[in-house]
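Values in this text are rule-based calculations from the coordinates and carry no lab data. Just so you know, these numbers come straight off a predicted model, no measurement behind them. Every residue, glycine as well, gets a Cβ built from its backbone with ideal geometry; the counts of neighbours run over all protein chains shown.
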Amino acid sequence: MAQKDLPNAPGAMVLGIISIFFSMIWCYWIGSIISLTCGIIGLVLAKSGQKLLEANENQYTLSSSNNNNAGKIMSIIGICLASIELLVLIVVLLFFGTLVGMGANANKWPY
């Protein structure tokens, strides 16, 4: 029986690459949301591909298994980078929001 490629491996790999790409672009929060979305979908595709591979190990090629693992790793990296980017954005917005709020009420302080 001829071996075939995992059906979800290319999709997981492409979504992992897109996830890392958009996490590196600073598009305010839009890049982070796109990166998180693609990373999560890529991780789900890689997980389903891993289940198919575990069920029928000899049916799929080694290169598609490696592509599936690469897609999983890239999706995890993209999710981590996008999460860090969102946390930094939230901290910066809270910091500057606090400064603006203090500046607006500076003349109302009793001392």
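Which of Ala2, Cys80, Ser65 sits farthest toward the positive end of the charge dipole of the chain, with +1 on the Cβ of Lys and Arg and -1 on the Cβ of Asp and Glu?
Farthest along the dipole direction, towards plus: Cys80.
For the pair Lys4/Phe21, report the inter-label distance in nm, with labels modelled 7 Å from Cα in the Cβ direction.
2.8 nm
Mind checking the full-extension length gain between Leu94 and Ser63? Use 0.36 nm per residue of separation minus the Cα-Cα distance, one decimal, nm.
Additional length available on full extension: 6.5 nm.
Using only alpha carbon pairs under 8 Å that are at least six residues apart, calculate the relative contact order of region 9-86 and give it in whole percent.
Taking the mean separation of contacting Cα pairs over the length of region 9-86, I get 51 percent.
Quick one: net charge around Ala46, please, counting Lys, Arg +1 and Asp, Glu -1 for every other residue with C-beta under 15 Å from its C-beta.
+1
For the chain, return all DSSP H helices satisfying: extent of Cα atoms along own axis at least 27 Å; mean Kyte-Doolittle hydropathy at least -0.5.
Counting only whole DSSP H runs, the qualifying helices are 30-55, 62-104.
Filter the chymotrypsin sites (Phe, Trp or Tyr not before Pro) in region 25-84 down to the DSSP loop ones having no more than 16 other Cβ atoms within 10 Å, then list what survives.
Trp26, Tyr28, Trp29
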